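Below you'll find the structure, written out as structure tokens, and then a few comments.
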Amino acid sequence: MKYLLKAIFSFYLLLPIFSQAQVITHQISDDSYAHVPLQFPFPLHGRTFADSFMYSNGVVGFGSVNNHWCCSGYDLVNARGYQFNYSIMGLQTDLINYGSGRFTSEGTTTYQRYRWQNISEFGRPENLNTFSIEIRPTGYIGINHENINISQWRPVTVGITGNTELGEYTQFYHGQGYSSSQNVAYITQYRDWE
């Protein structure tokens, strides 16, 4: 099992999927989550999931709730244990909705999309962030950064984990701060190379 990664640093949007999916707005408090059932089985690092959890701090987790991802970006090189397992970190750091933002999800039997729209960096209401994560039954994972504004001193992580005790992770970015007004997409496609 391997993952093929393409990072595209130009104007790029995840292709819209035309469907009758209902957009659901979630009320997610600080350092909390919303349960988002999947309408398809989703494969991730050798396991298959039917449920997901959208965290306020920029993460989609699978299996059970085991972390609130507070309060800064974890370096996946050193992050080990069940609390980091089977997750997609779209922009994992300390985020909060001060009232003008929205947490949304939408999905069908062909895709599930999670969106953080105008969600602030904690303690900095003016630092708004918009990004999304999309998954598909094929194992496709898309992370799309539309507008990111995280202070230089706050750690941020973008990555994907399986069983971290076995070293199953891909870390696209980990560092102090992150800012971009240009669309950046991280596309990972599951491939079975057996």
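The values are calculated or read from the model by the stated rules, or taken from the named source; none is laboratory data. The structure presented is a predicted model; accordingly, all values stated were derived computationally and were not measured. Here the Cβ is made from the backbone with ideal geometry for all residues, glycine too, and neighbour counts use every protein chain on show. Just the protein is used for accessible areas: all its heavy atoms, side chains included, with ligands, DNA and RNA removed. Shrake-Rupley method; radii C 1.70, N 1.55, O 1.52, S 1.80 Å.
Laid out as a table, the results:
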read-out	value
Candidates N66, N57, filtered to the one that is modelled with pLDDT of 95 or more and assigned to a loop (DSSP other than H, G, I, E, B)	N57
Selection count where residues are open to solvent by less than 80 Å² (accessible area, probe 1.4 Å), part of a strand (DSSP E or B) and of a type outside the set (F, W, Y), scope segment 20-40	7
Close pairs from segment 69-87: first closer than 15 Å to Y33 by Cα, partner open to solvent by 50 Å² or more (accessible area, probe 1.4 Å) and of a type outside the set (S, T, Y), Cβ under 8 Å, at least 6 apart	C71/F122
Test: residue in segment 6-17 that is open to solvent by less than 80 Å² (accessible area, probe 1.4 Å) and at pLDDT 55 or above	no
Some residue of segment 175-182 being open to solvent by 40 Å² or more (accessible area, probe 1.4 Å), in a strand (DSSP E or B) and touching a Phe, Trp or Tyr at 6+ places or on another chain (Cβ under 8 Å)	yes
Leading residue by the ranking (nearest to T48 (Cα to Cα)) among those in segment 76-103 that are hydroxyl-bearing (S, T, Y) and open to solvent by 10 Å² or more (accessible area, probe 1.4 Å)	Y86
Residues (open to solvent by less than 10 Å² (accessible area, probe 1.4 Å), more than 13 Å from the chain's Cα centre (by Cα) and among the β-branched types (V, I, T)) located in segment 134-160	I148, I150
Search result, residues across segment 50-75 that are open to solvent by 20 Å² or more (accessible area, probe 1.4 Å) and of a type in the set (A, V, I, L, M)	A50, V65
Pair list, Cβ < 7 Å and 6+ apart or interchain, from segment 108-128 residues that are modelled with pLDDT of 95 or more to residues that are part of a loop (DSSP other than H, G, I, E, B) and basic (K, R)	T110/R136; Y111/R136
Qualifying positions in segment 91-135 - touching a strand residue (DSSP E or B) at 6+ places or on another chain (Cβ under 8 Å) and outside any strand (DSSP E or B)	T93, D94, N97, Y98, S100, G101, T108, T109, T110, Y111, F122
Enumeration of residues in segment 161-174 that are in a strand (DSSP E or B) and open to solvent by less than 30 Å² (accessible area, probe 1.4 Å)	T161
Any hit, segment 122-133, residues being open to solvent by less than 10 Å² (accessible area, probe 1.4 Å), touching a Lys or Arg at 6+ places or on another chain (Cβ under 6 Å) and closer than 14 Å to L44 by Cβ	no
